[in-house]
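The values are calculated or read from the model by the stated rules, or taken from the named source; none is laboratory data. Note that the structure is predicted; figures quoted are calculated from it, not measured. Cβ placement follows ideal geometry from the backbone for every residue including glycine, while neighbour counts extend to all protein chains displayed.
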RNA sequence: GCGCUCGUAGCUCAAUUGGAUAGAGCAUCUGAUUACGGAUCAGAAGGUUGGGGGUUCAAGUCCCUCCGAGCGCGCCA
């Protein structure tokens, strides 16, 4: 890996200049500006003070030494600004990425092995099985699945899990409301008044048990919705199954044995304030019923028995719940940091600049299905993933449904379709593609060609970064940038035609194929398709 | 009131987690095609990073403070 070679070269140069001790962490990063080269190190600035040196002078000496002893693949080393040491790669090392991408293909290109032999559990969506998945779950669904894809790309074995709150008072109210609709009556005051229940009741057989049929119907609808945006869960975990198999009792007993429980006012309390929460929480109410928290503890305890590392994707309205859940896991003897809880901020929907009301007066929510139907699955996923989940997001449904260049997903997919178009045009012209080993890639010297290769060259590292930070929006941003490079190449460099030699056509054919592999790989991490035509 | 998350171009968002002149897209203005899909490309303009203070070689990023926004604060789920 070139990165390691450059760091080693920097360490050698520091040693050569008598900087002792050579720091363990030598910073190396991708500069923001093209003229600052392909790689940049701030090491001269970092060590200047302790070494008693002027940073610019030290940087200059480092660059001069490294330029005189260039590592493989480096064309030039120079100093810039306050003392940054910048490495410029030669064209050959950029050409090599074509061979790599082609040899590996979309599935392996950009892959890593850091997660090999490690299991990671990602729980997301977990919508109540008594209504359709609503718009509020959309962001978490796209995000959870994409970080799962990123983890898989990095070698982890991933469990995608969906938790079903299928017991308790809400489910009873749901069943009663469904039964009322079946009789043609309005549900009770505290029941479920959404109009979807009228449709569900019409589908329900007369002799069906409302709770069982309704639960099954809801789950089937969730599964269909998720499937339509390429989200497939490995595990649908039932809350009520933990009653049947005693896991809730076992979890309570476990906490009790660890001294984390006490009785007061007839209720059973968890000492969450001993574990970072602001106050203690009730697990068993004085009327003998469990709070929501008790089975949730049992559920996470069970997840820890199946995977050492847990990721939860929760909506912003659950953030107040984080401290007690992590506290409960700590009380059970787990490392609280092995449960990582990602909070996704809210999404505001608009249509043509007008705010979309999230729920009607009958209690009907805008559903995820509504959004998918309006925008299409690819545009929905790409748009939800374009932005960091740390900040609130505004999505205009009218805009993302349009197949125009305002819409980044079509811009990126178009780059792929164009490459496919080129490839079929070339094939139709009777030009055979030669094996890559027989092609002279060094003919690729046009600035547009090199721009594509530079972006592609960054991709594997970008995947690692996006996975480490659980930030799929970085992949989306890379795709936009990369697609721009591809469109620029397309505009200025013809693969086949007047003035393009047969040798250059061959080299460019492999360039676009490598680019195509990068596009497919990146889009797949977002769960977005790579169409051959638009 | 307390807590969590935020505040970046007219709009929607980035910024390699403390790095160089804060970058893209849209919108606005100006250009480009006898050839692979113009659904494209190139250029211009657009900023006191909510205000103020601090930390250091270096702050959009870290600390303090004020202003503003969203969400949450039950023996509900």
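The figures follow:
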item	result
Residue list for the stretch A:474-531, restricted to those being modelled with pLDDT of 95 or more and on the phi > 0 side of the Ramachandran plot	A:527
Boolean, residue A:117 is more than 16 Å from RNA strand B (Cβ to nearest atom), modelled with pLDDT under 95, closer than 20 Å to residue A:467 by Cα and loosely packed, with under 15 Cβ neighbours inside 10 Å	yes
Residue among A:409, A:426 that is in contact (Cβ under 8 Å) with a residue 60 or more places away in the chain, near RNA strand B (Cβ under 10 Å from one of its atoms) and part of a helix (DSSP H, G or I)	A:426
Selection status of residue A:469, more than 20 Å from the chain's Cα centre (by Cα) and within 13 Å of RNA strand B (Cβ to nearest atom)	no
Residue in the stretch A:479-493 that is farther than 30 Å from residue A:115 by Cα, touching a residue at least 12 places away in the same chain (Cβ under 8 Å) and in a loop (DSSP other than H, G, I, E, B) present	yes
Residue A:399 assigned to a helix (DSSP H, G or I), out of contact with any helix residue (DSSP H, G or I) (no Cβ under 8 Å at 6 or more places or on another chain) and buried (at least 17 other Cβ atoms within 10 Å of the Cβ)	yes
Where residue A:343 falls short, out of the listed (1) under 26 Å from the mean Cα position of the chain (by Cα); (2) more than 29 Å from residue A:394 (Cβ to Cβ)	(2)
Yes/no for residue A:534 being touching a strand residue (DSSP E or B) at 6+ places or on another chain (Cβ under 7 Å) and within 9 Å of RNA strand B (Cβ to nearest atom)	no
Failed item in (1) surrounded by fewer than 19 Cβ atoms within 10 Å (Cβ to Cβ); (2) within 16 Å of RNA strand B (Cβ to nearest atom); (3) within 29 Å of residue A:329 (Cα to Cα), with residue A:259 passing the rest	(2)
Subset tally (residues that are touching a residue at least 24 places away in the same chain (Cβ under 8 Å) and either more than 34 Å from the chain's Cα centre (by Cα) or not in a loop (DSSP other than H, G, I, E, B) (or both)) for the stretch A:255-296	16
Selection within the stretch A:81-106 - crowded, with 18+ Cβ neighbours inside 10 Å and near RNA strand B (Cβ under 9 Å from one of its atoms)	A:83, A:84, A:85, A:86
Residue count, the stretch A:214-244 (criterion: within 14 Å of residue A:167 (Cα to Cα) and without any contact (Cβ under 8 Å) to a residue 60 or more places away in the chain)	3
Hits in the stretch A:304-327 - residues which are assigned to a helix (DSSP H, G or I) and surrounded by fewer than 21 Cβ atoms within 10 Å (Cβ to Cβ)	A:304, A:305, A:306, A:316, A:317, A:318, A:319, A:320, A:321, A:322, A:323
Per-region count, the stretch A:392-406, residues more than 8 Å from RNA strand B (Cβ to nearest atom) and out of contact with any strand residue (DSSP E or B) (no Cβ under 9 Å at 6 or more places or on another chain)	3
Residue list for the stretch A:429-446, restricted to those being farther than 13 Å from residue A:95 by Cα and within 12 Å of RNA strand B (Cβ to nearest atom)	A:429, A:431
Single residue of the stretch A:357-391 satisfying the filter (over 14 Å from residue A:409 (Cβ atoms) and in contact with a strand residue (DSSP E or B) (Cβ under 7 Å, 6 or more places away or on another chain)) that is nearest to RNA strand B (Cβ to nearest atom)	A:389
Qualifying residue in the stretch A:491-501 (condition: more than 9 Å from RNA strand B (Cβ to nearest atom) and crowded, with 24+ Cβ neighbours inside 10 Å)	no
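Condition check ((1) modelled with pLDDT of 95 or more; (2) in contact with a helix residue (DSSP H, G or I) (Cβ under 8 Å, 6 or more places away or on another chain); (3) at positive phi) across all residues:
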position: A:276; (1), (2), (3): no, yes, yes
position: A:279; (1), (2), (3): no, yes, no
position: A:289; (1), (2), (3): no, no, no
position: A:301; (1), (2), (3): yes, yes, no
position: A:309; (1), (2), (3): yes, yes, no
position: A:315; (1), (2), (3): no, yes, no
position: A:323; (1), (2), (3): no, yes, no
